There are 2 protein chains.
Amino acid sequence: MPVRRKQYMKVELEKSIRSRIKASDEDFEVIRKKLIPKKVRKRQFLLNAGDVCEYMIFVERGLLRSFSDDKDGSEHTMQFAPEGWWISDMASLFSREPSKFNIEALEESELLLMSKQVMDELMDMVPQLPRYFLNLMENHIIALQRRINVVQSMSAEETYLKLMEIKPDLINRVSLQHIASYLGITPETLSRVRKQVTNRT
Amino acid sequence: MPVRRKQYMKVELEKSIRSRIKASDEDFEVIRKKLIPKKVRKRQFLLNAGDVCEYMIFVERGLLRSFSDDKDGSEHTMQFAPEGWWISDMASLFSREPSKFNIEALEESELLLMSKQVMDELMDMVPQLPRYFLNLMENHIIALQRRINVVQSMSAEETYLKLMEIKPDLINRVSLQHIASYLGITPETLSRVRKQVTNRT
DNA sequence: CGCGGGTTTGATGATGCTCAAGCCCGGTGG
DNA sequence: CCACCGGGCTTGAGCATCATCAAACCCGCG
């Protein structure tokens, strides 16, 4: 049953779309045909800083992260993308400039790749699709603004507690050094903060 | 000439839309009719934290900012919006929850207000309009990501220099305390940083 | 002139970084 | 089966950056 093999690749995507717009089965068929399925192993890179980002990446299963490295060798993770999330470097994807980010699989993952061109074609073919992406982007903006607020107004401990509040599951899937690089603190500080918090309860 | 009076109110908006999508004169007429023009004086508030945000606000002339206040009384400005920019609290606008932000005019300004409902109606009436907003949001995300990167990886001085590089005009229109609250540093630190920088040149 | 908001300057202190060492644990090869 | 890595996490000491608090300054405006 070769068809089956591909079907499972879009369960999460279908959920993501149906929760935001009305779309017919034919629409999904159109979408499915245009996206490129891809499996990656743990630690595999989907984008290297310096290259042009070619795809929006949808995660059907697994976990990716995007991050930049700065001059002194440390990393800053911009985003984690578990099942049901899109990840990309839009700055590079849309302008075709070299990306400042890397995208890396933190777990063995099943992905769907969509180039900019395909994205445009699909939005022409499925009239409601721009609304889908618009809704995605709106929510993304809300999340990014919240993150800026947290980073700017909170101590390391508060930042960590906020993350636990919003994404408690992350801690089970992501190493603490990656969490630290997401929060903008060092692994050492994160370790001390966590000690404080647990000692207190 | 009452028509003239309203016409000038959408020069910037028309530029903003035409630079992103193809739209006919009738489209602009439809859009113009649905938006609410509003003039505000300096220091007037368009949104108070705790209220539900009702509008996306487009700035035809002038300058707005959105900011949150935290427990200890200090402010964190999220965004400056000069001519040609949209500003809002989308988290509140879309979910109808009380906003955590204030929006305030820093200069006497001319605005166009668009409620969520009108936004939806317009996107139904002008087929390319979702693409317009999508493009706006994409660019907004790129800017927010860049900002997170800057805040997390740079010193106070580097953060300030980066702002000068990206928005050099801001300094002429915005008080230093507001700049500081945008950068996430205190006015004192900003003052010292600026002294360093000028002494060096 | 004197008031007041915004900015500057100075002194002090806290938060979180750096560097360095040790620990824990799972994986590998002898 | 066990010894030995090696990566990730923890712990510690010293230090840099930036916040805080307080005072002075500057300048436009009533």
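Laboratory data are not the source of any read-out in this text; all were calculated from the coordinates shown. Computed from a predicted structure; not experimentally measured. Note that each Cβ is placed from the backbone with ideal geometry, even for glycine, and that neighbours are counted across all protein chains shown.
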### Query
What do the square roots of 5 times the Cα gyration tensor eigenvalues come to for region B:41-154, in whole Å, largest first, as semi-axes of the equivalent ellipsoid?
23, 18, 15
### Task
Please give the peptides A:81-88, A:156-163 ranked by average Cβ packing (other Cβ atoms within 10 Å per residue), highest first, as a rough proxy for protection.
A:81-88, A:156-163
#### Entry: Cβ crowding within 10 Å averaged over residues, with B:115-127, B:93-105 ranked highest first
B:93-105, B:115-127
#### Entry: Over chain A, equivalent-ellipsoid semi-axes from the Cα gyration tensor in Å
32, 18, 17
### Query
If only Cα atoms are counted, what is the Rg of the protein assembly as shown, and what is its Dmax, in Å?
22.3, 73
### Message
Please list, ordered by chain and number, the residues whose modelled amide H lies under 5 Å from the amide H of A:Ser99; skip anything fewer than 5 residues away on the same chain.
### Response
A:Gly50, A:Asp51, A:Val52, A:Cys53
### Query
In percent, how large is the relative contact order of region B:1-141, given Cα pairs closer than 8 Å and 6 or more residues apart?
32 percent
### Task
Give A:Lys162/B:Lys71; A:Lys22/B:Lys22; B:Lys15/B:Lys116; A:Lys33/A:Lys116; B:Lys39/B:Lys100; B:Lys10/B:Lys71 a once-over and call out the pairs whose C-alpha atoms are over 27 Å from each other.
B:Lys10/B:Lys71
### Query
How well do other chains shield peptide B:179-186, expressed as the mean number of their Cβ atoms within 10 Å of each residue Cβ?
1
### Task
Write down the percent of antiparallel bridges among all DSSP beta bridges whose residues are both part of chain A, to the nearest 5.
95 percent
### Query
From the label point of A:Lys22, set 7 Å along Cα to the beta carbon, how far off in nm is each other copy's matching point, shortest first?
2.8
